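Here's the structure we're looking at; comments come further down.
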Amino acid sequence: MPETKSILLSRDCHVIQIPNGLPSHLPKGTQVWVMQSLGTSYTISTDRGQMFRLDARDADALGLSTIAIEDTPRLEVFREEMIWEQLKTIFDPEIPVNIADLGLIYSATVMPLESGGKRVQIKMSMTAPGCGMGNVLKADVESKLSRLPEVREVHVEVVFDPPWHPGMMSEAAKLQLGFDLDYGAPSSEASAFRVVR
């Protein structure tokens, strides 16, 4: 059982089961523990050992302040760094590390659209091919990047070639998770980003 204080949900909540990614429902009065609160969601567990992802806009059901989901002002000028800034706000619900530092982002390509604006194409992977949270994380990426200024289209492709391995994590992620810094290949974040002009 988690060591954090238990909370009784103050209202019914729509949640996503972890790790299978299926939508679910937790009724008012369900006893839960907050396992992780990173990005714009919470990972909670129940007394039956089930884990769920609860959206930040439902934090009031936990008796917590809702996390403000900031939209990047559309008046701002697009900068390539904005993509990585947004990707670093998306967290794997089972691992307290963002998807960029986990090495799940294989490439990010920005292309101009003939009609104006930009199209962002992302190739990303999951820590395991059978990860049920793949569509959830993909939707998070699409949602966050579509808010960037000048971005009109976002296409995210989940790939498994090459297979993800812990050596793809950034040094910060390896340190956070207790991996040896020499484990596997160095992080490829710097080489994964391309801009097509």
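As a rough guide to protection, the peptides 110-121, 7-18 ranked by mean Cβ packing within 10 Å, highest first, stand as 7-18, 110-121.
Extending 7 Å from the Cα toward the beta-carbon at both Leu64 and Leu22 defines two label points whose distance is 2.5 nm.
Evaluating 6.51 cos²θ - 1.76 cosθ + 1.60 at θ = phi - 60° for every residue in segment 8-25, the Karplus couplings come out as 9, 4, 7, 7, 4, 9, 8, 9, 10, 5, 10, x, 7, x, 7, x, 8, 9 Hz, glycine and proline recorded as x. Take the Cα of Phe179, step 7 Å toward its Cβ, do the same at Thr89, and the gap between the two points is 2.6 nm.
Give, in nm to one decimal, the length gained when the segment between Asp12 and Glu76 is fully stretched (0.36 nm per residue of separation minus the Cα-Cα distance). Gain on extension, Asp12 to Glu76, equals 19.2 nm. Sparsely packed loop sites in segment 27-68 (the trypsin sites (Lys or Arg not before Pro) outside DSSP H, G, I, E and B with at most 12 other Cβ atoms within 10 Å) comprise Lys28, Arg48.
What angle do you read, to the nearest 10 degrees and between 0 and 90, between the alpha-carbon axis of helix 134-146 and the longest principal axis of the chain? Rounded to the nearest ten degrees, it is 60.
Efficiency by 1/(1 + (r/R0)^6): what FRET value for Leu113 and Val159, r their Cβ-Cβ distance, R0 = 35 Å, to the nearest 0.05?
Numbers: r = 23 Å, r/R0 = 0.67.
Once rounded, the FRET efficiency stands at 0.90.
Put simply, the amide H of Tyr106, placed in the peptide plane, has neighbours under 5 Å in Lys123, Met124, Ser125, leaving out anything fewer than 5 places away on its chain. If the limit is 26 Å between Cα atoms, which of Lys123/Lys144; Lys5/Lys174; Lys5/Lys138; Lys28/Lys88; Lys88/Lys118 go over it? Beyond 26 Å: Lys5/Lys174; Lys5/Lys138; Lys28/Lys88.
For the chain, the square roots of the Cα gyration tensor eigenvalues, ordered a ≥ b ≥ c, give a/c of at least 1.5 with a/b no greater than b/c, which places it in the oblate category. What is segment 81-195 by shape, rounded, prolate or oblate, if you read a ≥ b ≥ c off the alpha carbon gyration tensor as root eigenvalues and call it rounded for a/c under 1.5, prolate for a/b larger than b/c, and oblate otherwise? Prolate.
In the Gaussian network model of the chain, springs joining C-alpha atoms below 10 Å, which of His165, His155, His25 carries the largest mean-square fluctuation? Taking springs between Cα atoms under 10 Å, the residue moving most is His25.
Every number in this text was worked out from the coordinates using simple rules, so none of it is lab data. Being a predicted model, the structure only gives us computed values, none of them experimental. Ideal geometry is used to build each Cβ from the backbone, glycine not excepted, and the neighbour counts take in all protein chains shown.
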